[in-house]
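**Student:** Got a structure for you, written out below as structure tokens; questions coming shortly.
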Amino acid sequence: MVRIPPAAADPASATAGVPGPRAADGVVPRQPRKRFRFARRATLGRSVRLLRSFRFEQTDPARFYGGIASDSVHLLGDFHADLTGRDLAGTTVLDVGGGPGYFADEFARAGARYIPVEPDPSEMHAAGIAVPAAVRGSGMALPFRDDAVDICFSSNVAEHIPDPWRMADEMVRVTKPGGVIVLSYTVWLGPFGGHETGPWHYLGGEYAARRYRRKNGQEPKNRFGVSLFAVPARDGVRWSERTPATVHAVFPRYHPRWAWWLVRIPGLRELLVSNLVVVAEKPGGPPRRG
């Protein structure tokens, strides 16, 4: 899906290819390469830091989500700068599935207007964080007009809804022409696919949920078939091939740059890509600076 060049001495030279309209699953026609500055951040140290934070998702969510929020601002800021020539200051960022608002402060520090959308009111207020612009609504039917926001972002949400690609289409709809869409989700057969029920999700989502209930005396927060669904990397690749948006990059979010090639290998990517990112641009924006 993504053309990754051989490892280079300068990580800033890492590139991600634009998928062709007739790209077969795992086979990509040759496309012009584009350099993305986020590749410079995709180091082994960053990967280790983020992966270590996962163990705090349930016990210390502020610590976990704080690190993810900071990384998300860097991710969006870098790609937005590459594609538009501007930083995040003054942009409107719509976070689909923003939950309890851990990301709000990080985006505010970057000068962006941050709007989280969350369907569950209990989730919106779970951390006691008040985000004045928060909107209650479904990602599968975003309560916004067409071409409303500069950036539409979703992190680790697609695996929690029954029709994630309807949500992805909605994200494109509400983004302004020339705006940026970033969809990042947890791959089911990756090491974190089962969330708190893992690694038993490899034996089936229902089995993992039952085992969690027997061991802990309560249902898991992420209940398979209700609030957790099996979303493979393959589906994200296929969506990137059919969306009318221009896809600029598809890569594993928590991997160092030199391992981004994993997304190109069907089967292997399902097991080794823990989180898949699709970065796209809505066509029809103003001409880019030279």
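The values are calculated or read from the model by the stated rules, or taken from the named source; none is laboratory data. Quantities reported herein were computed from a predicted structural model and do not represent experimental measurements. Don't worry about glycine lacking a Cβ; one is built from the backbone with ideal geometry, like all the others, and counts go over all protein chains shown. Protein only, heavy atoms only, side chains kept; ligands, DNA and RNA dropped before computing areas. Shrake-Rupley method; radii C 1.70, N 1.55, O 1.52, S 1.80 Å.
**Student:** Can you sort 238, 264 by 1.4 Å-probe accessible area, starting with the largest? If you can, show how the numbers build up before the last one.
**Tutor:** On the way: 238 120, 264 90 Å².
Per-residue accessible area, sorted high to low, gives 238, 264.
**Student:** Give, in nm to one decimal, the length gained when the segment between residue 120 and residue 196 is fully stretched (0.36 nm per residue of separation minus the Cα-Cα distance). The partial results should precede the final answer.
**Tutor:** Numbers: separation 76, 0.36 × 76 = 27.36 nm, distance 1.97 nm.
Contour length minus Cα-Cα distance gives 25.4 nm.
**Student:** Also: Give me P(r) over the range 222-290, computed from all C-alpha to C-alpha distances, binned every 5 Å, as integer percentages.
**Tutor:** In order of increasing distance, the bins hold 3, 15, 22, 18, 16, 13, 8, 3, 1, 1 percent.
**Student:** Let me ask something else about it. Find the all-direction average of the projected area of the Cα convex hull for the range 160-260, expressing the result in square nanometres with one decimal place. Walk me through the numbers before you get to the answer.
**Tutor:** Values: hull surface 30.0 nm².
Averaging across all directions leaves 7.5 nm² for the Cα convex hull.
**Student:** Show me, bin by bin at 10 Å from 0, the whole-percent P(r) of the range 151-204 based on Cα pairs.
**Tutor:** Calculated over all Cα pairs of the range 151-204, the distribution is 24, 41, 24, 10, 1 percent.
**Student:** Between the range 135-158 and the range 186-203, how far is it from one alpha carbon centroid to the other, in angstrom?
**Tutor:** 26 Å
**Student:** Excluding same-chain residues fewer than 8 positions from residue 215, which aspartates and glutamates have a Cα within less than 18 Å of its Cα?
**Tutor:** Result set, ordered by chain and number: 196, 206.
**Student:** Follow-up question, since we're still on this one. So how far apart, in nm, are the two label points at residue 216 and residue 52 if each is 7 Å from Cα heading toward Cβ?
**Tutor:** Modelled inter-label distance: 2.4 nm.
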